[in-house]
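Shown next, in structure tokens, is the structure this report addresses.
The values are calculated or read from the model by the stated rules, or taken from the named source; none is laboratory data. No experiment lies behind these values; they were computed from the predicted model shown. As a convention, Cβ positions derive from the backbone with ideal geometry for all residues, glycine included, and neighbour counts pool all protein chains shown. What goes into the accessible areas is simple: the full protein's heavy atoms, side chains included, and nothing from ligands, DNA or RNA. Shrake-Rupley method; radii C 1.70, N 1.55, O 1.52, S 1.80 Å.
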Amino acid sequence: MTQAETFTLSELVIAACAEAFRDDGELLVTGIGPIPRVAAGLAKLTFAPELAMTDGECMLVEDPVPIGPRGDHEPEFTGWMPFRRVFDVVWSGRRHAMVTPVQMDRWAQANISALGPDFTRPKVQMLGVRGFPGNSISHKNSMFIPNHSTRTFVEGEVDVVASAGYNPKNWPEGADMNRVKIGRVVTNLCVFDFRGPDHAAQVLSLHPGVSFDEVQDNTGFELLKAPDMGVTAGPTEDQLAVIRRLDPHDVRSKVLKGNPPGIRPAA
Amino acid sequence: MNKEMTLEGAVAELRDGMTIGVGGWGPRRKPMALIREILRSPLKDLTVVGFGGPEMGMLAAAGKAKKLIYGFVSLDVIPIEPHFRKARQEGRVEVMEIGEGMVVLGLEAAGHNVPFLPTPIGLGTDVLKNNPELRTITSPYDDGEVLVAMPALKLDAALLHVSRSDRLGNTLSFGPDPYFDGMMARAATRTYVTTEELVDSIASKNREDLKDNAVERCFISGVIPAPMGAHPTAAHYGYGWDLEHLKTYAASAAEDGGWQAYYDRFVAPGEAAYIEAVGGADAIRALPLPVL
């Protein structure tokens, strides 16, 4: 378990995202996008071998499938997971997804649907609410945000609440808000969750060289410091080797702007 | 019993204002030959339901779709369907944007002849605000929980693309995922399938072969031979999606008169000309299946 001395910020972020899946048991984990996907594979190949995952399409695998062209590597499948069964597992609650919304707010609500005040004629149409309403009310969800800014972490409410959160005004009387389970939010600056008082956002760790004030300045809502807030751990040498194996084409180097080092050089 | 028909014959059975479900998922196994036939027809005011791909963008761009019912509309490799985006941003199409699971439940309710299915999906989100026709229901049991009553999405017609079919309407849909094609057919009054291959009988002594049979033939009204009929979407195991063509299509959304130019070049001349215009059958068959 030698701590690596040199690593990129994306590799640190992968290690931090993997931590979101610790103690998930046999849940189906789905990392959408390269960083969450490598992170889920990293968790499974290191401290969370019980996790279930797919090949990125609809077959279950025990050995996480690397990203991109695989050369001679032929995955072996251990189960079938067509969309019908994805929904069945989603609705059962035995899943943990990590997704990248375009906006997120203080109530842990998230948006990938559309931007602008008028839903009938959005300024920017995006994907649609997709699986966010079903995911957010059925199972645990974590988020990876590559660009921590007030554009993503908005001051008010997200333009379209696609993913349910803890804003009582959006819940009909008698509906059960406790169905919402938010895991961790991992960004290029820090790791936070929504387990402060009344589901307040609280920073669990700051990435090396990042100050709390910098994180707060780039967040549209108030953040708390978790009682044991520390510094985000970088990957170990063993973890780096797994990351390289799961991402042989170095897609991770293109996710964070400028592919910065994991430990910020002193200014 | 012979359900074989032509693209023109199938589209002639559709009417203005119908609600039409389209099978497949995003850029996978869409009945695009039928969509192009609709684009060439005078049909209008359609409501289109599905797991949206290029069919929604095209029908919106052409002004055929009055309303879209979807959870997402995507070309996957091009994440946001460009003509769908354009139509939305110009306010040219009504939408019922709901969780993709709500689409599943709406189709299931229609197929099972119940007015709605209860679900927590949509609670706590703007799906309820943006679709005021959606109502909630209180559990009649002791828990008393309030849930969403997802209404049945009844389809006047479903359009599917299959790998192989006989004239009775026995079909096989190859590939790793059957998506919701069967459910869509059961939600529809009539279902028309385009098929890569029309055979005298799909019969086999191997039970495993029939696991690719997604729906019972009593739901199938018409079978239309349409090799390459899913292009530019993928049809396992015949061909992958055509990324170059999808890029051409996507680029047209950014050009003045782009849709009309795309339509004139690829759609208007008919299916035989279409196959040639996109590179010919051999080129389509050589398109690799996606590796994710």
Which ones in the range A:125-149 are within 7 Å of chain B (Cβ to nearest Cβ), within 30 Å of A:P260 (Cα to Cα) and open to solvent by 20 Å² or more (accessible area, probe 1.4 Å)?
A:L127
In the range A:184-218, how many residues are in contact (Cβ under 8 Å) with a residue 40 or more places away in the chain, part of a strand (DSSP E or B) and open to solvent by 10 Å² or more (accessible area, probe 1.4 Å)?
2
Hits in the range A:62-102 - residues which are out of contact with any helix residue (DSSP H, G or I) (no Cβ under 8 Å at 6 or more places or on another chain), more than 12 Å from chain B (Cβ to nearest Cβ) and closer than 18 Å to A:A162 by Cα:
A:H96
Result of the Cβ filter at 6 Å on the range A:219-243, keeping first residues that are free of Cβ contacts under 8 Å to residues at least 40 places away in the same chain and partners that are open to solvent by 30 Å² or more (accessible area, probe 1.4 Å) and among the polar types (S, T, N, Q), at least 6 apart or interchain, is A:L223/A:Q216
Candidates A:T152, A:T120 - the one that is facing another protein chain (nearest Cβ under 7 Å), open to solvent by 10 Å² or more (accessible area, probe 1.4 Å) and among the β-branched types (V, I, T):
A:T120
Given the criteria out of contact with any Ser or Thr (no Cβ under 8 Å at 6 or more places or on another chain), at pLDDT 95 or above and either crowded, with 16+ Cβ neighbours inside 10 Å or within 14 Å of chain A (Cβ to nearest Cβ) (or both), does B:D156 qualify?
no
Restricting attention to the range B:76-108, the residues that are over 15 Å from A:Q125 (Cβ atoms) and surrounded by fewer than 21 Cβ atoms within 10 Å (Cβ to Cβ) number exactly 3
